[in-house]
Amino acid sequence: MKEATLRQILVVTDGCSNSGISPVAAATLAREQGITVNVIGVIEKGDMGEQGEKEIREIAEAGGGLFDIVYPQQLAQTVQMLTRKAMTRTIHQVVSKELKEILGDSAMEGLVPEKRVQVAGMVDELGERSRLDVVMLVDSSGSMKPKLAAVQQAIHDFSISLRSRSGQSRMAVCSFPGKQNHLDVRIPWTEEVDQAHQLTSGLTMSGITPTGPAIIEAIALFEHVKLPTGLRDRYGHNELEDGDQGSLRDHVF
């Protein structure tokens, strides 16, 4: 089994989307392109409300990812935890699929305990060696302003954790809404993220939260993705290479 390229979008927000395409539909499209969408809701007091929690959960479910709702001081740890858990789950799904193709539908159930331990070890090792591309998508609506210091610290700590992996890692950091588009790329794709201060440099806080459109534009930042024609014309597009359908399977085997 070849090493995988794992692709993730991590949305950090404190409220509901209120502009543009449904973020659940956008997350579904990301998943179809082999991109996992994780979501972290950041709260200061109380909770996000029933609608906010529902949206965060549904975005993560549609994007094949994980979600959590945390206080700012928990953000850095949660970013690392969700990213690692999502990586492990994705690889486990791929390994299980391969085993089923080789051994049949009851592949995992039929393995003796020793073999299950070996499979778990293989998943962990593959997760550590695999290439990881992450777009961190930060809500810059007005209510997020007092939480941006925690976001910057989370970016810094996350970059350190990426450098400790044996596999190649890179990340990009974007804020939404952008000045002209639905998102602004604050830190372009890089393997050395030590410029967390760039997140707030020249940042304009806004009252709208276009989570769905921002996810679509984040999808377009990855190589080898194919957006539907209408979305491609509106949000931008990176052309597929011939024969490449952009799925995780194409990157793994």
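The single condition from (1) among the β-branched types (Val, Ile, Thr); (2) surrounded by fewer than 20 Cβ atoms within 10 Å (Cβ to Cβ); (3) under 22 Å from GLY65 (Cα atoms) that ILE155 fails is (2). Kindly establish whether THR78 is touching an Asp or Glu at 6+ places or on another chain (Cβ under 8 Å) and in a helix (DSSP H, G or I). It is true that THR78 is touching an Asp or Glu at 6+ places or on another chain (Cβ under 8 Å) and in a helix (DSSP H, G or I). Taking the stated definitions as given, is LEU221 aliphatic (A, V, I, L, M), modelled with pLDDT of 70 or more, assigned to a loop (DSSP other than H, G, I, E, B) and crowded, with 17+ Cβ neighbours inside 10 Å? So LEU221 fits the description; yes. ASN18 fulfils the conditions (1) surrounded by fewer than 24 Cβ atoms within 10 Å (Cβ to Cβ); (2) in contact with a helix residue (DSSP H, G or I) (Cβ under 8 Å, 6 or more places away or on another chain); (3) in contact (Cβ under 8 Å) with a residue 40 or more places away in the chain except for a single criterion, (2). Within the stretch 29-40, being without any contact (Cβ under 8 Å) to a residue 40 or more places away in the chain and crowded, with 24+ Cβ neighbours inside 10 Å holds for one residue alone: VAL39. Name every residue in the stretch 104-156 that is on the phi > 0 side of the Ramachandran plot and at pLDDT 65 or above, in order of residue number. Hits for the stretch 104-156: nothing passes.
Only residues that are within 26 Å of MET81 (Cβ to Cβ) and in contact with a His (Cβ under 9 Å, 6 or more places away or on another chain) were counted in the stretch 13-41, giving 2. Residues that are part of a helix (DSSP H, G or I) and among the hydroxyl-bearing types (Ser, Thr, Tyr) were ranked within the stretch 140-163; the one that is farthest from PHE176 (Cα to Cα) is SER161. Looking only at residues in the stretch 61-90 that are farther than 23 Å from SER159 by Cβ and of a type in the set (Gly, Ala, Ser), which one is surrounded by the most Cβ atoms within 10 Å (Cβ to Cβ)? Selected residue: GLY64. For the stretch 11-51, which residues satisfy the criterion of being at pLDDT below 85 and assigned to a loop (DSSP other than H, G, I, E, B)? Within the stretch 11-51, GLY15, GLU44, LYS45, GLY46, ASP47, MET48 meet the criteria.
The values are calculated or read from the model by the stated rules, or taken from the named source; none is laboratory data. All figures in this text were calculated on a predicted structure; none of them were measured in a lab. For neighbour counting, all protein chains shown are included, and Cβ atoms are generated from backbone atoms with ideal geometry for every residue, glycine included.
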